[in-house]
Every structure is written in structure tokens, then in C-alpha cells.
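The values are calculated or read from the model by the stated rules, or taken from the named source; none is laboratory data. Model, not experiment: these values are computed from the prediction. So basically every Cβ, Gly included, is an ideal-geometry build from the backbone, and we count neighbours across all protein chains shown.
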């Protein structure tokens, strides 16, 4: 994975800890910001994350009730790569 992709994914992850809208909307906004992947790729990646972790855990991560799991970045990278294919 290149440096730009890492930055985009980190932005998306940090978007989850923002205090507005739904976790999916927050993720998509962070993922798509600053020339990131298309919104459709970001939505697809979020859906894959939600399938992996559950909607409840994604909600808890977005509100700070739960820390991101250790494998979150790796799972997010795989999801983004699958969605770009």
C-alpha cells in the first residue's frame, strides 16, 4: 500500500471518531476527503467493515465507547482494496 492510501484510510478511521451524523457518513466523508477514493468505494469499504465488526461495534467506535481493534487498519486496507477492484 502506498503512502497516499495510508493517509486516506487514516482520515477515514479518524472520521469515525467525529461527533456528527451516522458512523457510515462520518467514515465516507473522511475516506473521500482530500482526493481520496470515490464515495462508492468508501461506502463499499464501510459496508465490509460493518460486516466484519457489526453495526453495533462500528457505532461504539464512532462514539468513542470502544477503542479501534488492533486489526482495524489491516481490515480497512483489505476492504478498500477489494472495493477498488
For this session: Say whether the condition of being exposed (fewer than 15 other Cβ atoms within 10 Å of the Cβ) and at pLDDT below 80 is met by at least one residue in the stretch 71-85.
Result: yes
Exercise. If you take the residues of the stretch 56-70 that are touching a residue at least 40 places away in the same chain (Cβ under 8 Å) and in a loop (DSSP other than H, G, I, E, B), which of them is surrounded by the fewest Cβ atoms within 10 Å (Cβ to Cβ)?
Worked result: 64
Seminar exercise, completed: Counting only residues in the stretch 1-53 that are outside any helix (DSSP H, G or I) and within 16 Å of residue 83 (Cβ to Cβ), the one modelled with the lowest pLDDT is identified as 1
